[in-house]
Amino acid sequence: MRFADIIGHDALKARLRAQIDAGRVSHAQLFTGDAGYGSLPLALAYVQYLFCPHRHDGDSCGECPSCQQIEALAHPDLHFVYPVNKREKKAGEVVISDMFIDKWRAIWQRNSGIFSAEEWYSDLDLGKTMKGLISAKESEEIIRKLQFKSYSSEYKAMIIWLPEAMNQEAANKILKILEEPWEKTLFILVSEQPELLLQTITSRTQEVTVGRIDVATLQGVAMREGKAQDVAHNIARLAGGSMLELRELLRGATDESRALSFELFTRLMRLSYNDKHLELFEWADDIAALTREGQRQFFLHAVRLLRESYMLHAGLGAISYLWGEERDFCVKFAPFIGNQNIEILVEEIERAMLQIQQNGSPRIVFTHFALAVSKQINRLK
């Protein structure tokens with residue numbers, strides 16, 4: 001993965017290159033940003049540039065053995081950790097990342113390194129109730145692997161994807177190595193939710209914020225896929241800086257996850273408006289049955305749709321990021337989202353998200369959430 005393969009982020013790529021060229025490589029870095037922004041492939045391109053002995057013109061050569069091995073995710077001095085799990089585990093069985101390296105390489109090659117946690121968990125066939133974890137055993141493996149000398153490169157590198165999936169025991173085990181790593185050892189943590197990390201972890205890392213991909217770049221991608229300029233521009237705006245969203249829009253339809261989130265959102269708002277409290281309990285049961293990642297996706301879509309509805313209410317529809325059935329619904333729904341309730345509704349979402357992340361009972365959390373939303377929607381009736 002060369003810097004040239006990374007979509008957008010020209011200024012950030014230049015800054016990362018400059019750091020390596022100047023010999024200022026921070027031993028522990030925290031890349032933060034939505035999966036669709038490309039933070040994971042950017043981390044790999046950074047490592048490839050660092051490892052490449054023949055880099056030139058601001059990029060790795062892409063042809064030497066080191067670059068070829070990194071492209072195949074098979075470099076002996078580059079290690080990956082990512083959340084894993086499996087159904088029907090034997091008693092006492094511990095699963096670690098290396099057990100799923102073939103699946104990891106497959107999903108990476110299929111999506112050029114840009115994929116969501118939900119897609120990964122689907123490839124692991126975790127079903128609706130399980131989620132991926134980074135265990136204490138995994139932390140022990142990290143320490144074991146990195147204590148050896150590098151095999152063929154000057155550096156050893158460890159990329160940890162979604163470090164927020166570490167439990168406290170796992171996080172505590174790598175604290176010391178993050179603070180005092182072996183010489184020429186690089187940690188890159190790639191996080192979508194850095195606020196969930198232990199403060200003792202974040203304080204030991206240098207943050208690299210990976211923002212949205214600019215509209216012009218996404219428009220160029222859409223045009224290369226055969227879209228006319230005006231259509232490509234609209235699709236790029238609607239993607240909200242995310243390659244994952246752009247892919248869905250280019251396919252001409254939303255994926256199952258987004259469609260389900262939209263259905264749950266509209267049903268919640270209609271039941272809230274009509275004071276259908278018994279049906280709200282049924283709604284809570286339905287969303288409680290989803291996977292944790294599915295529940296998180298609902299919350300993210302709900303915040304987005306509330307924001308867009310508020311923009312429509314405020315007369316700012318010209319800069320709205322809505323189309324199709326989402327726009328049709330939000331235009332009608334906008335009168336019920338205003339200054340009196342928008343902040344409270346977002347706070348309710350944030351509170352419910354936190355409770356779910358802290359393993360609160362989904363049925364209780366979503367029942368309380370639904371009733372709280374109903375109260376706020378009725379404020380503007």
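Take the residues of region 284-313 that are surrounded by fewer than 20 Cβ atoms within 10 Å (Cβ to Cβ) and not in a helix (DSSP H, G or I): which is farthest from the chain's Cα centre (by Cα)?
So, considering only residues that are surrounded by fewer than 20 Cβ atoms within 10 Å (Cβ to Cβ) and not in a helix (DSSP H, G or I), the one farthest from the chain's Cα centre (by Cα) is Ala289.
Which one is nearest to Ser39 (Cα to Cα) among residues in region 203-259 that are assigned to a helix (DSSP H, G or I), of a type in the set (S, T, N, Q) and in contact (Cβ under 8 Å) with a residue 40 or more places away in the chain? If you could, list the steps in order and put the result at the bottom.
Taking region 203-259 and keeping what is assigned to a helix (DSSP H, G or I), we get 215-224, 229-238, 243-250, 256-259.
Add one more test, that the residue is of a type in the set (S, T, N, Q), and what stays is 217, 219, 229, 234, 257.
Checking which are in contact (Cβ under 8 Å) with a residue 40 or more places away in the chain leaves us with 217, 234, 257.
On the way: Thr217: 16, Asn234: 24, Ser257: 22 Å.
Checking each candidate, the answer is Thr217.
Exactly one condition in (1) surrounded by fewer than 21 Cβ atoms within 10 Å (Cβ to Cβ); (2) within 20 Å of Tyr37 (Cβ to Cβ); (3) at pLDDT 90 or above is false for Lys137; which is it?
Of the numbered conditions (1) surrounded by fewer than 21 Cβ atoms within 10 Å (Cβ to Cβ); (2) within 20 Å of Tyr37 (Cβ to Cβ); (3) at pLDDT 90 or above, the odd one out for Lys137 is (2).
Just the residues that are free of Cβ contacts under 8 Å to residues at least 24 places away in the same chain and surrounded by 15 or more Cβ atoms within 10 Å (Cβ to Cβ), please, taken from region 317-364.
Listed by number, the residues that qualify are Gly317, Ser320, Arg327, Val331, Gln355.
Testing Asp21 on (1) over 25 Å from Leu244 (Cα atoms); (2) crowded, with 17+ Cβ neighbours inside 10 Å, one condition comes back false. Which one is that?
Result: Asp21 fails condition (2) only.
Sort out which residues of region 52-84 are surrounded by fewer than 17 Cβ atoms within 10 Å (Cβ to Cβ) and either touching a strand residue (DSSP E or B) at 6+ places or on another chain (Cβ under 9 Å) or not hydrophobic (A, V, I, L, M, F, W, C) (or both), and write them in order of number.
In the first step, residues of region 52-84 are kept if they are surrounded by fewer than 17 Cβ atoms within 10 Å (Cβ to Cβ); the result is 53-54, 56-58, 63-65, 68, 72, 74, 76.
Once the filter is applied, which keeps residues that are surrounded by fewer than 17 Cβ atoms within 10 Å (Cβ to Cβ) and either touching a strand residue (DSSP E or B) at 6+ places or on another chain (Cβ under 9 Å) or not hydrophobic (A, V, I, L, M, F, W, C) (or both), region 52-84 yields Pro53, His54, His56, Asp57, Gly58, Glu63, Pro65, Gln68, Pro76.
Looking at (1) surrounded by fewer than 16 Cβ atoms within 10 Å (Cβ to Cβ); (2) within 30 Å of Asp285 (Cβ to Cβ); (3) out of contact with any helix residue (DSSP H, G or I) (no Cβ under 8 Å at 6 or more places or on another chain); (4) without any contact (Cβ under 8 Å) to a residue 60 or more places away in the chain, can you tell me which one Ser122 breaks?
Status for Ser122: all satisfied but (1).
Identify all residues within region 73-93 that are in contact (Cβ under 8 Å) with a residue 24 or more places away in the chain, under 20 Å from Met130 (Cβ atoms) and assigned to a loop (DSSP other than H, G, I, E, B); write none if there are none.
Hits for region 73-93 are Tyr82, Pro83, Asn85, Lys86, Arg87.
Yes or no: region 348-368 includes at least one residue that is among the basic types (Lys, Arg), under 26 Å from the mean Cα position of the chain (by Cα) and either part of a helix (DSSP H, G or I) or not assigned by TED's automatic domain parsing to the domain that holds Arg270 (or both). Outline the logic, then answer.
Step one: of region 348-368, the residues among the basic types (Lys, Arg) are 351, 363.
When the remaining residues are screened for being under 26 Å from the mean Cα position of the chain (by Cα), the result is 351, 363.
Right, trim to either part of a helix (DSSP H, G or I) or not assigned by TED's automatic domain parsing to the domain that holds Arg270 (or both) and you get 351, 363.
The answer is yes, given that some residue of region 348-368 is among the basic types (Lys, Arg), under 26 Å from the mean Cα position of the chain (by Cα) and either part of a helix (DSSP H, G or I) or not assigned by TED's automatic domain parsing to the domain that holds Arg270 (or both).
So which of Ala157, Ala117 is closer than 27 Å to Cys52 by Cβ, surrounded by 18 or more Cβ atoms within 10 Å (Cβ to Cβ), outside the structural domain of Thr291 (by TED's automatic domain parsing) and touching a residue at least 40 places away in the same chain (Cβ under 8 Å)?
Numbers: Ala117 fails: closer than 27 Å to Cys52 by Cβ.
None of the others qualify; the one that does is Ala157.
The values are calculated or read from the model by the stated rules, or taken from the named source; none is laboratory data. Please read these numbers as outputs of a predicted model, since none were measured by experiment. Virtual Cβ from ideal backbone geometry, glycine too; neighbours counted across all protein chains shown.
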